[in-house]
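A quick write-up on the structure given underneath.
The values are calculated or read from the model by the stated rules, or taken from the named source; none is laboratory data. These figures come from a predicted structure and were not determined experimentally. So basically every Cβ, Gly included, is an ideal-geometry build from the backbone, and we count neighbours across all protein chains shown. The accessibility values were calculated without ligands, DNA or RNA, using every heavy atom of the protein model including side chains. Shrake-Rupley method; radii C 1.70, N 1.55, O 1.52, S 1.80 Å.
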Amino acid sequence: AAVGGGTQGQSWMQIVSDVCGLDQEVHRESVGASYGDARMAGVAVGAVAPDQSWNEVVGTVTANPELKPRYDQLYSLYRQLYQATADIVHQLAQSPQS
């Protein structure tokens, strides 16, 4: 399920689905973990039945399987780039700020 600020942009949800190769359900309330925590607390104290509908699914983002190989290739290149530049990046992070 998609939650949090990322649900505010259709493009970002589509990218996440395509990268992961997974569909996502979009719920009416998408505030994230705190909403799920409130539900678990409600179930724990008996205020909410475990099988009670809590947060309606209002949409689905379907992954495009044709894009995953390209994202996988780009991720592989990113990993190579990171390994090749990690020492320099860490040195820059440690350099004094002016």
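For the chain, the solvent-accessible area works out to 75 Å² per residue, with a probe of 1.4 Å and every protein chain left in place.
Over the alpha-carbon set of the chain, divide Rg by the Kirkwood Rh and report the Rg/Rh ratio to two decimals. Rounded to two decimals, Rg over Rh is 1.18. Computed packing ranks the peptides 35-42, 90-97, 68-75 as 35-42, 68-75, 90-97, most packed first, by mean other Cβ atoms within 10 Å. Where the centre of each part is set by its Cα atoms, how far does segment 1-18 sit from segment 34-98, in angstrom? The distance from the Cα centre of segment 1-18 to that of segment 34-98 comes to 10 Å.
I need the peptides 21-28, 5-12 ranked by packing, meaning the mean over residues of other C-beta atoms within 10 angstrom, with the highest value on top.
My ranking of the peptides, most packed first, is 21-28, 5-12.
Rounded, prolate or oblate, given the Cα gyration tensor of segment 56-98, with a/c below 1.5 counting as rounded? In terms of gyration-tensor shape, oblate.
For the pair residue 91 and residue 41 in one chain, pulling the backbone fully straight at 0.36 nm per residue adds 13.4 nm over the alpha carbon distance.
When the helices of the chain are scored as -39500 (n - 2.57) per DSSP H run of n ≥ 4 and the total is divided over every residue, the value at 222 nm lands at -17000 deg cm²/dmol.
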